[in-house]
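We did not get these values from a lab; they are worked out from the coordinates using the rules stated. Keep in mind that this is a model prediction, so the values were computed, not measured. When we count neighbours, we look across all protein chains shown, and the Cβ atoms used for this are built from the backbone with ideal geometry, even at glycine.
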Amino acid sequence: MSVEMRRPAQPATEGREEPTPQGAVPMWLFILLFVALFWGMNYFDRHGAWFNGRVYAPYRSLAELQMHQPPTGGINLERGRAVYESVCALCHGVDGKGKPGQAPPLAGAEWVLGPVNRLVRIPLAGLTGPIEVNGQQWNLAMPAMGAALSDEDLAAVLSYMRTSWGNKGTEVTAEQVGAVRKEIGNRTQPFTAAELLTVQ
């Protein structure tokens with residue numbers, strides 16, 4: 001009696017693809033991910049301005065940067081504040097409350113909140129003689145501190161004064177300053193309170 005050893009039959013694999021193992025990620029997805037990552041880093045590098053000297057180098061502080069920003073629809077009050085603090089605050093105080101025996105207050109002052117044409121004359125030509133501010137008498141001379149300022153800077157500082165420390169005045173435009181400057185011409189004498197009260 002003879003026993004034949006037979007091998008098990010192998011399944012036919014011709015014409016069939018090998019199945020993809022479960023959990024494998026296709027190669028094209030890796031390539032797409034790499035391209036997207038490369039593009040994103042390149043875009044961020046070009047538009048992020050991390051090390052762009054034009055953005056950071058010229059400015060020493062955030063306040064200085066904001067001072068040079070273009071105004072957003074009106075007078076640049078940050079510029080007005082900076083000019084006020086460098087030109088006016090020494091006498092009138094950073095808080096606009098004035099200093100006894102030196103300068104009257106600007107906070108709540110009728111001269112600040114009154115007609116713009118009247119207010120613009122004071123820094124352009126100066127003020128001398130007795131004047132009443134917030135019910136208190138003053139008799140001091142103010143030089144023409146705003147004569148050397150541009151129309152834009154003087155408008156900004158006056159607007160800052162009219163809208164700060166609780167003041168609710170309107171802004172002053174560079175055109176209004178220019179018109180008053182032209183009207184008073186080369187006046188060298190400071191105004192008196194009596195003269196200014198005739199201006200509307």
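What the table below lists for this structure:
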| quantity | calculated |
| --- | --- |
| Peptides 25-36, 110-121 ordered by average Cβ neighbours within 10 Å, highest first | 110-121, 25-36 |
| Proxy reagent accessibility, fewest Cβ within 10 Å first, across 97, 168 | 168, 97 |
| C-alpha center-to-center spacing [the range 169-200, the range 81-107] in angstrom | 20 Å |
